[in-house]
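Read through the structure below, which is laid out as structure tokens, and then see the notes.
The values are calculated or read from the model by the stated rules, or taken from the named source; none is laboratory data. Quantities reported herein were computed from a predicted structural model and do not represent experimental measurements. Reconstructed Cβ throughout: ideal geometry from the backbone, glycine too, with neighbour counts over all protein chains shown.
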Amino acid sequence: MRVLPRRADSASIFPTVNNIMADIRTLLDAGAHFALPRARRHPSAAKYLFGTKDRTDVFDLEETERRLKKANDFARALAGGALLFVGGKHEVAEIVKAAALRAGSPYVAGRWIGGTLTNFKNIRRRIDRLERLMKEREQGELEKYTKRERLLIDREIEELLARFGGLVTLTDLPKALFVVDTRHENTAVREANQLGIPVIGLSSSDCDFALIQHPIPANDTSVKSVRLVCDEISEAYVEGKKHQQKEGSKEQPQSETA
């Protein structure tokens, strides 16, 4: 592990940055290389680090870039399978939600409810109730209730939306999770591991990389870094869906002829 110059800037940390891939320059500009203080390092993160500067770990962006490409390939290959976006930290929640919406994917951008995966049938019942109540309200069917009863139903709808609003489109267990800060979302990661659901994880140096099947070692707190990775995964997933639809449209005439 390298000990970098005390007052090193980005250029001195990665002196060959102008001669390497533009993707790494983009990661560098987003601050993706900044990890956490060395004292908080999880042992499994060591192989993804370039060195240490002022007692703060620095990620090896060549490794980050490689891992990001592999994660993109995996997301692209999911095609029609559901990719669940997870990221409830206050500073990144809206970024995660926006990326999921662009991908047409379900998301959890708040507190993870224990059992969301391992007790999915019961969670789905709550979502079904949410959909039913919202439909009844939209169609004016709640008018048969008293004002107090309607108020209680409205409150229930708001509570269910806050908990499960991002999961309405999830009718079955997802094919994979994309998680921002796997340490913060440890419960989600462990539920996925328990069920054999692969995890794409944007993870800083305090995370246990042994729990992540498709790790992206990078700054998981910086808005720029998180947005960059979320956009990459979202776009790759959308590309995969479009490719599947295109291939499906090619096959359809053949099946009709047969």
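When E143, E159 are screened for being among the acidic types (D, E) and over 30 Å from the mean Cα position of the chain (by Cα), only E143 passes. When I153 is tested against (1) in contact with a strand residue (DSSP E or B) (Cβ under 8 Å, 6 or more places away or on another chain); (2) not assigned by TED's automatic domain parsing to the domain that holds A192, just one condition goes unmet, and that condition is (1). Pairing residues of the range 33-50 that are assigned to a helix (DSSP H, G or I) with residues that are surrounded by fewer than 16 Cβ atoms within 10 Å (Cβ to Cβ) and of a type in the set (D, E, K, R), at Cβ distances under 7 Å and at least 6 apart in sequence or on separate chains, gives R38/R55.
Of all residues in the range 91-105, those that are at negative phi and in contact (Cβ under 8 Å) with a residue 24 or more places away in the chain have Cβ atoms under 7 Å from Cβ atoms of residues that are part of a helix (DSSP H, G or I) and of a type in the set (D, E), 6 or more apart or on another chain, in A99/D231. Within the range 170-205, being in contact (Cβ under 8 Å) with a residue 24 or more places away in the chain, crowded, with 24+ Cβ neighbours inside 10 Å and among the β-branched types (V, I, T) holds for V179, V180, T182, I200. A single member of L152, L167, L142 is in contact with an Asp or Glu (Cβ under 7 Å, 6 or more places away or on another chain) and of a type outside the set (D, E), and it is L142.
Residues checked against (1) over 23 Å from T187 (Cα atoms); (2) touching a Gly at 6+ places or on another chain (Cβ under 7 Å):
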| site | (1), (2) |
| --- | --- |
| H90 | no, no |
| R102 | yes, no |
| V108 | no, yes |
| R111 | no, yes |
| N119 | no, no |
| I123 | no, yes |
| D128 | yes, no |
| R132 | yes, no |
| L151 | yes, no |
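Of the residues making up the range 62-111, those that are under 21 Å from D29 (Cβ atoms) and of a type in the set (F, W, Y) number 0. G81 meets all of the listed conditions (1) modelled with pLDDT under 95; (2) outside any helix (DSSP H, G or I); (3) touching a helix residue (DSSP H, G or I) at 6+ places or on another chain (Cβ under 6 Å) but one, namely (3).
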